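Reading through the structure tokens given below for one structure.
The values are calculated or read from the model by the stated rules, or taken from the named source; none is laboratory data. In this text the structure is predicted, and so the values were computed from the model without any measurement. Cβ coordinates were reconstructed from backbone atoms using ideal geometry, including for glycine residues, and neighbour counts include every protein chain displayed. Calculation scope for accessible area: heavy atoms of the full protein, side chains included, ligands and nucleic acids excluded. Shrake-Rupley method; radii C 1.70, N 1.55, O 1.52, S 1.80 Å.
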Amino acid sequence: MTGATLATLAGLGAFHGLNPAMGWLLATARGLQERRRAALLAALPPIAVGHLASVAVVAALVTATRSVTASRALAVAGGVLLVGYGLWRLLSERHFRWAGMRLSAGQLVAWSFLMSSAHGAGLMLLPVLLAGPAPAGGPHAGHLAAAPAGALPGLAAAGVHTVAMLAVATVLALVVYEVLGVGVLRRAWFNVDRLWAGVLVAAGVVTLIGAS
């Protein structure tokens, strides 16, 4: 991966880390509920694992199955999916409900996986993944035999993305816990989910332009 690719993946991870729906708000609430910073910190790794699993599924499939001949078709399909999903989230009146605060580590992983998947977290990496070189091996690179090796770049991309997401989420959760308190969210709330949906639409448009 080039430096620009790493920076883009880290930037997208940081953006997801800012989104309270990706888990920092849940971790902060756990810390405040139990009145222990350790409870907050203990909630973050399982949340990151669930997010990583959700993103890795999309990233691995994209990088493992793409062939030279299929790259453009996959880019178009991914761009349409990004734009469609982003518009649906922008126009939807539905809101995801928070789960209960008393969750085990395994339940936190499952919750994070489902929440990240429901928010289409892996979709935002499509423009980055499709911009990279196709797997080696010519027109047959997308065959099943090449899939395990072809999935490695996608898994690495998901790892870089998730590390940045966890770092930002940890800092934000600690700042809110130590300085601001959850009450600040009632006074200065910003709808990050809407911004995220708009970025999805923009990413889809960029993907479609690149595939044309």
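Sub-7 Å Cβ pairs linking a first residue in region 26-50 that is more than 14 Å from Ala110 (Cα to Cα) to a second residue that is among the charged types (D, E, K, R) and part of a helix (DSSP H, G or I), at least 6 apart or interchain, are Gly31/Arg37; Ala39/Arg30; Leu40/Arg30, ordered by first then second residue.
Checking every residue in region 6-16 against the condition of being surrounded by fewer than 17 Cβ atoms within 10 Å (Cβ to Cβ), modelled with pLDDT under 90 and of a type outside the set (Gly, Ala, Ser) gives at least one match.
Selection of region 55-88 for residues being modelled with pLDDT under 75 and open to solvent by 20 Å² or more (accessible area, probe 1.4 Å) yields Thr65, Val68, Thr69, Ala70, Ser71, Arg72, Ala73, Leu74. If I filter region 185-202 for residues that are at pLDDT below 60, touching a Gly at 6+ places or on another chain (Cβ under 9 Å) and outside any loop (DSSP other than H, G, I, E, B), do I get at least one hit? Taking every residue of region 185-202 in turn, none turns out to be at pLDDT below 60, touching a Gly at 6+ places or on another chain (Cβ under 9 Å) and outside any loop (DSSP other than H, G, I, E, B). Filtering Leu91, Leu129, Leu114, Leu125 for residues that are open to solvent by less than 20 Å² (accessible area, probe 1.4 Å) and modelled with pLDDT of 80 or more leaves a single hit, Leu125.
All told, Ala48 falls short of being open to solvent by less than 30 Å² (accessible area, probe 1.4 Å), part of a helix (DSSP H, G or I), touching a Lys or Arg at 6+ places or on another chain (Cβ under 7 Å) and at pLDDT 85 or above. Of the residues screened, Ala146 is one that is at pLDDT below 55 and either part of a helix (DSSP H, G or I) or aliphatic (A, V, I, L, M) (or both).
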